[in-house]
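Take a look at the structure set out below.
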Amino acid sequence: MEEKKEDGPNGIRVVMVMNRKGGCGKSTLVKGLASAAAERGESVTIFDTDSSESAYQWMLNAKELGNWAGDVTVIKSLDSAEIGETIDRLFDMPDQEHLVLIDTFGGASEAIDDLAMISHFIVIPSKLSRSDVTETTQTLKWHANLKRRAADPAAVPPSRVMLSAVPVRRNEAEETAYMHIMTTMPTLTEPVMQRAAYVRMDLEGMLGAIRDNLVNKANAKHMDVAIAEMESVLGAIDEIIKKGQADG
Ligand SMILES: Nc1ncnc2c1ncn2[C@@H]1O[C@H](COP(=O)(O)OP(=O)(O)OP(=O)(O)O)[C@@H](O)[C@H]1O
Ligand SMILES: [Mg+2]
């Protein structure tokens, strides 16, 4: 693998989305970030490493519905070496704004470790249930262990927990989980809220394409709010990656 490098304002970034917890919002985040990057005019490559093919099937369905836009490709592969080679080829291409997203299935494995090492950043989405908090803690331990095991700990990308599907009205347990995550874990400051727009994205395709194809433009605002939210998560990720590259 070639040395991680930056070209242009954002360049090529490889972001892995990971949590041992199932259903915590990994694929939703991948689809949302892909939508936001496409909206910016960036190229996007999603590697779907989950055997359920959530992202890959999403693309097929979205294309059928005419809700696919921009230069966004989903590649399904369970082979971390093959993914590494494909990413290497992206770095060989001329300067480009290109977001590479790796959607994972959860469980820890050697392949996941390999994929982490070719990433610039790891996002760990977490909902507010007790089991999400437990598994998110375990996932952070996995990241800390990866640093301990790595020949060069500095080569292990940074990780942040990202609150996902946060309800506006939270019960006491959810509020406790929210505060616990925000005060004790390294987090992205921007949470992703629970939104019908993301459920719609899952069922129908890319956020921007759905908005552009809406007959009733009154609903466009909901899609725009979701795109803006994903755009700010992407901005926060880009900031951390850039800062890391400046420091290191
Ligand atoms: N921000 C959100 N707003 C509304 N619904 C959400 C949000 N995030 C996730 N969901 C819903 O939660 C469910 C699980 O989300 P998702 O498929 O993204 O999780 P996952 O971590 O990829 O799951 P798996 O471990 O099975 O791959 C889906 O039904 C999705 O629509
Ligand atoms: Mg998934």
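The values are calculated or read from the model by the stated rules, or taken from the named source; none is laboratory data. For clarity, every value in this text was computed on a predicted model and none was experimentally measured. In this analysis, Cβ positions are derived from the backbone assuming ideal geometry, glycine residues included, and neighbour counts consider all displayed protein chains. Each accessible area value is taken on the protein alone, full model and side chains, heavy atoms only, with ligands, DNA and RNA left out. Shrake-Rupley method; radii C 1.70, N 1.55, O 1.52, S 1.80 Å.
About the Cα centre of the chain, how large is the charge dipole given +1 on each Lys and Arg Cβ and -1 on each Asp and Glu Cβ? Please answer in debye to the nearest 20. Write down the numbers at each step before the final one.
On the way: 27 positive and 38 negative charges, 205 e Å.
In total the dipole reaches around 980 debye.
Could you check how many percent of all C-alpha pairs in the stretch 175-231 are farther apart than 19 Å?
40
Starting from the Cα of Lys147, draw a straight line to each of the aspartates and glutamates and keep only those under 12 Å, dropping any in the same chain fewer than 8 residues away.
Those aspartates and glutamates meeting the cut-off are Asp113.
Please sort through the DSSP H helices of the chain and keep those with an alpha-carbon extent of at least 15 Å along the long axis and a Kyte-Doolittle average not below -1.0.
Values: long enough: 26-39 (20 Å, 0.36); 54-65 (16 Å, -0.36); 80-92 (18 Å, -0.23); 130-149 (29 Å, -1.47); 172-184 (18 Å, -0.40); 220-247 (40 Å, 0.07).
Span-like helices here: 26-39, 54-65, 80-92, 172-184, 220-247.
Tell me, in nm to one decimal, what length is gained between Leu90 and Leu65 on full extension, where the rule is 0.36 nm per residue of separation less the Cα-Cα distance?
The span from Leu90 to Leu65 would gain 6.1 nm if fully extended.
Please report Rg over Rh for the stretch 12-242, where both radii come from the alpha carbon positions and Rh follows the Kirkwood definition.
Taking Rg over the Kirkwood Rh, I get 0.95.
Would you compute, from DSSP H runs of 4+ residues alone, the mean residue ellipticity of the chain at 222 nm, taking -39500 (n - 2.57) per run and dividing by the full residue count, rounded to the nearest 500?
Value at 222 nm, helices only: -16000 deg cm²/dmol.
Roughly speaking, what is the stretch gain from Ser232 to Asp113, that is 0.36 nm per residue apart minus the C-alpha to C-alpha distance, in nm to one decimal?
Extending this stretch completely gives an extra 40.1 nm.
Along the Cα→Cβ direction, 7 angstrom out, place labels at Asn145 and Arg130. What is the inter-label distance in nm?
In this crude label model, Asn145 to Arg130 measures out at 2.4 nm.
Accessible area of the stretch 12-242 with a 1.4 Å probe: how many percent of it is carbon plus sulfur? Provide the component values of the computation, followed by the final result.
Details: 5250 of 10120 Å².
Answer for the stretch 12-242 is 52 percent, counting heavy atoms of protein chains only.
Assuming 0.36 nm per residue, please report the length gained on full extension of the stretch Lys76 to Met193 beyond their Cα-Cα distance.
Going from the current span to full extension adds 39.3 nm.
If the cut-off is a Cα-Cα distance under 25 Å, which lysines reach Lys217, setting aside same-chain residues fewer than 8 apart in sequence?
Output for Lys217: Lys31, Lys63.
When ligands, DNA and RNA are left out and all protein chains stay put, how many square angstrom of accessible area per residue does the chain have with a 1.4 Å probe?
Using a 1.4 Å probe on heavy atoms only, each residue of the chain averages 46 Å².
Determine the relative contact order of the chain: mean sequence separation of Cα pairs under 8 Å and six or more apart, normalised by residue count, in whole percent.
28
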